[in-house]
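The values are calculated or read from the model by the stated rules, or taken from the named source; none is laboratory data. Being a predicted model, the structure only gives us computed values, none of them experimental. For neighbour counting, all protein chains shown are included, and Cβ atoms are generated from backbone atoms with ideal geometry for every residue, glycine included. Each accessible area value is taken on the protein alone, full model and side chains, heavy atoms only, with ligands, DNA and RNA left out. Shrake-Rupley method; radii C 1.70, N 1.55, O 1.52, S 1.80 Å.
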Amino acid sequence: MWLWVTDVRGSWRALFARAGETYPATTLRLFTGGVQTGCGAASAASGPFYCPADRRVYLDMSFFRELSARFGAPGDFAQAYVIAHEFGHHVQNVLGILPQVSREMQQSPSQANALSVKLELQADCLAGVWAHSAYGRDLLEDGDLDEGLTAATAVGDDRIQSQAGGRVDPDSFTHGTSEQRRRWFLVGFQSGEVAACDTFRAEHL
């Protein structure tokens, strides 16, 4: 896992440097059960998350066991996808996207879920941009990409709601469908370009 964390950080530092920009470092903090963050208290039930207030990624390791056992997405690159997605939120924060969307959510609460979906799909795409970089440096093994795509599909809102035995309610989605999450990860992977990840201007999500 730490190999992927180190590579994600290094890759974004290099990408920012090539654009003449500085990438402020963020760290991954592991916790068990619960944790106090700059965004308040959180529990393992929250899943992995990024806190913009302290610019840290938080992860309870039990999530990876759940990802494999409950969601059927085992493998180290499934974990890499999750890590890269959360670091994608840090990239959004550095670029000013995250605070802008937060303001829009506060101003238009009725659009909060739709904006959240666009934000999460963009983070999936940014994870794909990193995966493109890793592939170009021969870090991916056979089957790694499939593991990442399986993980992206596994955590779609529609699949999670269906597995929970409830009604699939698109209006309540906050992260996007399985198909959307898989597709936007692929957009980033195939293009390797941050510019390709503008879910806020995309005609279709």
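Of note:
- Applying a threshold of 6 Å to beta carbon distances and a minimum spacing of six or more residues, or different chains, the list of pairs starting in segment 172-188 at a residue that is closer than 17 Å to Ser133 by Cβ and ending at one that is open to solvent by less than 30 Å² (accessible area, probe 1.4 Å) and not hydrophobic (A, V, I, L, M, F, W, C) reads Trp184/Asp124; Phe185/Asp124; Phe185/Gly128; Gly188/Gly128.
- Among the candidates Asp124, Asp171, residue that is in contact with a Phe, Trp or Tyr (Cβ under 6 Å, 6 or more places away or on another chain), part of a helix (DSSP H, G or I) and within 25 Å of Arg70 (Cβ to Cβ): Asp124
- Any hit, segment 97-107, residues being open to solvent by 50 Å² or more (accessible area, probe 1.4 Å) and of a type in the set (Val, Ile, Thr): no
- If you filter segment 12-63 down to residues that are of a type in the set (Lys, Arg) and farther than 20 Å from Asp124 by Cα, you find that the one that is most open to solvent (accessible area, probe 1.4 Å) is Arg18.
- Ala134 being loosely packed, with under 13 Cβ neighbours inside 10 Å and modelled with pLDDT of 95 or more: no
- Residue ID - modelled with the lowest pLDDT, chosen from residues in segment 2-11 that are within 16 Å of the chain's Cα centre (by Cα) and open to solvent by less than 50 Å² (accessible area, probe 1.4 Å): Trp4
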